[in-house]
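Taking it in order: structure first as structure tokens, then the write-up.
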Amino acid sequence: MKKIDVVLGLQWGDEGKGKVVDVLTPDYNVIARFQGGPNAGHSLVFDGDRFVLHTVPSGIFRKDSVNVIGNGVVIDPVILMDEIRAIEQKAGDITGKLLISKRAHLILPTHRMLDAASEAAKGKSKIGSTLKGIGPTYMDKTGRNGLRIGDILSPEFQARYDALKQKHFGLLAQYDFQYDITEYEKQWMQAIGELKRFSFIESELVVNDYLAKDVPVLAEGAQGAMLDIDFGTYPFVTSSNTMTAGVCTGLGVAPNRVGKVMGIFKAYCTRVGSGPFPTELFDETGERLRQIGHEFGATTGRPRRCGWLDLVALKYAVMMNGVSELIMMKSDVLNTFKTIKVAVAYEIGGKRVDYFPFESGEEVTPVYKEFAGWDCDITGVRKYEDFPQQLKDYIAFIEAETGCPVKIISVGPDRKEIVIR
Ligand code: GDP
Ligand code: IMO
Ligand code: MG
């Protein structure tokens with residue numbers, strides 16, 4: 001019996017999960033998303049094309065791959081169908097290679113409105129949500145009100161949809177918020193009809209069956225550890241468990257069936273939306289990272305906040321995810337930096353703290369270690385031995401601090417721009 005391998009983000013999302021999953025898919029027959037929804041934007045670059053996936057697993061472009069949207073995912077049918085149409089323009093009909101869990105929850109048009117109304121009401125303390133309806137949908141899931149993919153096939157679907165919509169209208173009335181769902185609702189119902197050509201499955205049975213038959217399965221995370229509903233910088237987080245534990249609940253795989261856990265991080269750090277970010281740079285260096293790294297959101301286009309690598313947060317994420325190997329992304333973005341800094345501890349109220357604390361807001365000052373930059377272009381490097389010594393030193397330090405080997409180093413956005421040790 002095979003174990004399920006996992007790829008997930010260790011920072012605040014956008015680490016490069018889409019690219020890594022696309023690169024690894026030739027080694028896996030099945031790719032499965034286990035949480036999140038269209039708040040995710042996973043970019044794939046190959047053959048001169050660029051794709052951003054939101055709900056569909058990043059294995060979809062590889063021949064013969066099976067792609068599963070698991071029960072832990074929340075689905076907006078309009079966004080999913082748009083995405084499918086874009087994929088099919090490049091890859092042809094994907095009906096046979098995309099399977100959707102009957103237990104995955106549906107994002108209703110009114111969930112999106114509730115997300116927007118809630119954010120508007122929060123004013124300055126807003127989460128910076130992607131406004132895709134993620135929070136309200138997971139609220140209805142845990143509140144036991146939600147509608148699921150499997151319900152689409154029920155003769156009572158329309159009645160249940162109407163009842164939930166009415167409930168949402170009641171909630172929306174409490175906000176000073178103008179909205180009109182007429183047009184989106186029309187698209188939504190049409191997309192629901194179109195989705196019926198795909199197989200709605202008991203994904204927990206299907207995934208476990210693949211594993212029992214020794215078929216390699218890769219779980220693809222969305223967001224990142226620091227956006228986890230329990231361990232992230234609450235309340236500035238998303239509404240799902242983004243960590244390895246989420247693989248078990250989001251796919252129905254037992255903890256002892258989890259195999260390799262590959263944790264992805266950027267050679268520096270970014271965050272989009274509000275909330276604590278101890279190593280954030282507000283100066284010219286931060287702006288340089290943003291410009292060179294093209295740090296603008298794949299889903300919302302918002303500029304991402306940029307800063308140095310935070311080893312305190314990274315070690316915390318490695319611990320809770322049980323990371324067995326690390327993958328460092330966007331190393332090339334640091335090509336022209338003369339010095340590179342890494343936070344190795346925090347100072348809080350004059351005391352040195354070397355763990356990620358409950359309080360992670362403005363009162364935290366990072367303690368940095370400085371490294372000499374490599375100051376040369378590494379985009380063309382394909383063998384670890386050919387990396388400049390400064391980069392090897394940087395990697396060795398991260399390995400020593402985290403106790404995890406860095407197995408893959410990404411040196412550019414394209415599928416081919418990768419160094420595997
Ligand atoms: P994800 O959400 O984790 O899949 O990451 P995103 O796709 O939101 O953001 C990562 C961005 O970095 C995308 O624009 C990628 O094309 C790009 N990218 C990925 N790896 C590299 C890399 O090694 N170097 C550079 N320069 N860009 C990269
Ligand atoms: P990927 O999978 C980066 C952030 C939002 C906001 C907070 C809550 O591409 O890495 P939500 O819409 O979930 O209610 O937003 O989480 N966020 C992400 N940031 N990458 C993502 O996904 C994100 N998904 C949500 O910006 O701060
Ligand atoms: Mg992204």
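The values are calculated or read from the model by the stated rules, or taken from the named source; none is laboratory data. Quick caveat: nothing in here was measured; it's all calculated off a predicted structure. Counting neighbours? That spans all protein chains shown, and the Cβs are built from the backbone with ideal geometry, glycine included. The protein model used for the area step is the full one, side chains on, heavy atoms only, and it has no ligands, DNA or RNA in it. Shrake-Rupley method; radii C 1.70, N 1.55, O 1.52, S 1.80 Å.
For the reader, a short list of remarks on this structure follows.
- Mean separation of Cα contacts under 8 Å (6+ apart) over length of the range 122-273, as relative contact order %: 24 percent
- Heavy-atom SASA rank of Val406, Val344 (probe 1.4 Å, accessible area, largest first): Val344, Val406
- The DSSP beta bridges internal to the range 1-160 are antiparallel in roughly 40% of cases.
- Accessible surface of Tyr234 - all protein chains present, 1.4 Å probe, nearest 10 Å²: 150 Å²
- Count of Lys pairs (Cα-Cα under 29 Å; at least 8 positions apart or interchain) in the range 274-403: 23
- Relative contact order for the chain, counting Cα pairs under 8 Å that sit 6 or more residues apart, in percent: 20 percent
- Descending semi-axes in Å of the range 220-315, equivalent ellipsoid built from Cα gyration tensor: 27, 14, 13
- Residue pairs, from the table Lys19/Lys126; Lys132/Lys165; Lys141/Lys266, whose Cα atoms sit over 23 Å apart: Lys19/Lys126; Lys141/Lys266
- Under 23 Å of direct C-alpha separation, and excluding same-chain neighbours fewer than eight residues apart, Lys213 reaches these lysines: Lys2, Lys3, Lys63, Lys97, Lys102, Lys260.
- Taking Phe387, Phe296 and ordering them by how much accessible surface each has at a 1.4 Å probe, largest first, produces Phe296, Phe387.
- Sorting 330-341, 284-295, 236-247 by average packing, meaning the other beta carbons within 10 Å per residue, from highest down gives 236-247, 330-341, 284-295.
- Take each peptide in 144-155, 255-266, 196-207, count the other Cβ atoms within 10 Å of every residue, and average; sorted highest first, the result is 255-266, 196-207, 144-155.
- Each Cα pair under 8 Å and six or more residues apart adds its sequence gap; the mean of these over the residue count of the range 83-159 is a relative contact order of 36 percent.
- For the chain, the share of DSSP beta bridges that are antiparallel, to the nearest 5, is 45%.
- Pair-distance distribution P(r) for the range 269-420, from all Cα-Cα distances in 10 Å bins starting at 0: 10, 38, 40, 12, 1 percent.
- The largest accessible area among His54, His168 belongs to the first residue in His54, His168, and the rest follow in falling order (1.4 Å probe, all chains).
- Label-to-label distance, Met319 versus Asp393, with points set 7 angstrom from Cα along the beta-carbon direction: 2.9 nm.
- Close amide H pairs (under 5 Å, H built 1.01 Å from N) link Gly36 with Val74, residues at least 5 positions away or on another chain.
- Residues with amide H under 5 Å from that of Ser199, placed H, sequence gap 5 or more: Ile100
- Probe 1.4 Å, accessible area per residue of the chain, Å²: 41 Å²
- By accessible area, using a 1.4 Å probe on protein heavy atoms only, the chain has 51% of its surface on carbon and sulfur.
- Other residues whose C-beta falls under 13 angstrom from the C-beta of Glu347 contribute a net charge of -2, scoring Lys and Arg +1 and Asp and Glu -1.
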